[in-house]
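As structure tokens, the structure follows; a few thoughts come after it.
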Amino acid sequence: MYKLYTYPNNPRAQKALIAAEYAQISVQLPKFEMGKDNKSPEFLKLFPLGKIPALETPQGPISESPAIAWYFAKLRPDKGLCGNNFFEECQVQQWISFAEDAFTKHYPVLLYPHFMPGNFSFQEQEAEKAKQQMKRYLDVLEAHLLHNTYLVGERITLADITAVCYIVPLFRIALGETFRSPYSCLMRWLHTCLNKQPFQRVIGSVQFCKEPLVGQKKSADTTTVQEKHESTTSQSSHVNGFSNELMDMNEWKRKYSNTDTRTEALPWFWEHFNPSQLSLWYCKYKYNDELEKTFMSANLVSGWFQRLEPLRKYAFGSILLFGQSGPPGSVEIHGVWLFVGQDIPKDMKEGVDFDAYEFSKLDPNNAKDRTLVENFFAWDGDFSSITQKPVNQGKVFK
Ligand SMILES: N[C@@H](CCC(=O)N[C@@H](CS)C(=O)NCC(=O)O)C(=O)O
């Protein structure tokens, strides 16, 4: 069992999580409060610097994010994330070190004034200096990517994962379209990587800023962004009424299990729901007209859930059975799924049951769709748009 301590959207943790995705390793993200949990005696005993990300493995603790990512990558050598031979392995290390030097050291100047405006003020000259320094590195990347699809070899390695994770927040927040315009090969590579499922699952869809969001008077791009400064290191903001942070799936599942759905869990859900990183889907069993018995239909759903084990980190589903046992067509199965990413995850699509269900994407901006989601999560309300039968029972994938 692997436990990774981090706050959401930490690029140092993201690279390790993407490596774990490629390696098909399941990693737990325990509830973690920066500034509190990393200062506790138990944490400091394992990780004396109190820094995150920090990983607990069956063999013991590992700190320093490059080592954590390397650990996951190396667990599955067949995936080639560390390179396919000794020389490639050194090249991967070279680019990892390059990315560490090139990007993270500029975060305090370029990103912290955005995320922690109370603690960091924007310094124009410092920011300009940081951008100039970064350009040298980006020029090198651009030249390399003019002739190469990826940083090392013909496949994604930890070099790409690390560099992409470190560049994304800079392009999202601090380096606008004009700054990025000379880097067409780099942009092609970024999009190629970001479109891969493991990246999608961890980072979700990314929007790069037109103008920098830091060091500007609030205007055009920034007026829709309400920054909510929660603690010195955790970040949270909302765009168009939705969160733009990745919802903590474990936290949502805890809320759903432990609080009243209508009055507490659903308000929390919409508060944290981020439509660029999550998607909602309605599904219907294709052979409802053959279903006779509620217990057999319930078993059908339980079996489906059991076979979806790898999906647990990225999905939440509430499936309802409608009707009563009787002749064929007496029972119906419908449900709503929440997935990380904009598509139905591969693990769902590759499941043997997938073909028996019809999926359609829901629009969280559409009031009817929102109500449908709420009714499915609460197991009550008006379902007349999908069936005339009453709710019989529900099953939750969490
Ligand atoms: N070299 C370390 C840096 C880790 C680091 O600086 N983490 C920050 C958060 S992203 C932290 O834990 N800061 C709290 C502290 O320094 O006390 C790594 O890559 O893991």
Worksheet item: Of the residues that sit in the stretch 56-87 and are in contact (Cβ under 8 Å) with a residue 24 or more places away in the chain and β-branched (Val, Ile, Thr), which one is farthest from the ligand (Cβ to nearest atom)?
Response: THR57
Discussion item. For the stretch 345-398, which positions are under 27 Å from GLN324 (Cβ atoms) and of a type in the set (S, T, N, Q)?
Written reply: SER360, THR371, ASN375, SER384, SER385, THR387, GLN388, ASN392, GLN393
Item to complete: Check whether at least one residue in the stretch 5-12 is assigned to a helix (DSSP H, G or I), surrounded by fewer than 17 Cβ atoms within 10 Å (Cβ to Cβ) and of a type outside the set (Asp, Glu), and report yes or no.
Response: no
Discussion item. I'd like to check something: does the stretch 88-106 contain any residue that is away from the ligand (no atom under 15 Å from the Cβ), assigned by TED's automatic domain parsing to the domain that holds LEU141, of a type outside the set (Lys, Arg) and in contact with a Phe, Trp or Tyr (Cβ under 8 Å, 6 or more places away or on another chain)?
Written reply: no
Practice prompt. Return yes or no: is PHE171 touching a Lys or Arg at 6+ places or on another chain (Cβ under 7 Å) and either part of a loop (DSSP other than H, G, I, E, B) or at pLDDT 95 or above (or both)?
Written response: yes
Discussion item. Which condition from (1) within 22 Å of the chain's Cα centre (by Cα); (2) under 25 Å from PRO117 (Cα atoms); (3) part of a loop (DSSP other than H, G, I, E, B) is the one that ILE156 breaks?
Written reply: (2)
Discussion item. When you scan the stretch 21-29, do you find a residue that is closer than 17 Å to ALA163 by Cβ and either touching a residue at least 60 places away in the same chain (Cβ under 8 Å) or away from the ligand (no atom under 14 Å from the Cβ) (or both), even just one?
Written reply: yes
Practice prompt. Take THR178 and decide whether it is part of a helix (DSSP H, G or I) and either surrounded by fewer than 21 Cβ atoms within 10 Å (Cβ to Cβ) or touching a residue at least 12 places away in the same chain (Cβ under 8 Å) (or both).
Written response: yes
Worksheet, complete the sentence: Scanning the stretch 263-281 for residues that are surrounded by fewer than 19 Cβ atoms within 10 Å (Cβ to Cβ) and touching a helix residue (DSSP H, G or I) at 6+ places or on another chain (Cβ under 9 Å) gives GLU264, TRP268, TRP270
Practice prompt. Select from the stretch 297-348 the residues that are touching a Lys or Arg at 6+ places or on another chain (Cβ under 7 Å) and of a type in the set (Asp, Glu) and list them in ascending order.
Written response: GLU332
Practice prompt. Restricting attention to the stretch 34-46, report how many residues are in a helix (DSSP H, G or I) and either under 27 Å from the mean Cα position of the chain (by Cα) or near the ligand (Cβ under 8 Å from one of its atoms) (or both).
Written response: 5
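The values are calculated or read from the model by the stated rules, or taken from the named source; none is laboratory data. These numbers come from a predicted model, not from an experiment. All Cβ positions, even for glycine, are placed from backbone atoms using ideal geometry, and neighbour counts span all protein chains on display.
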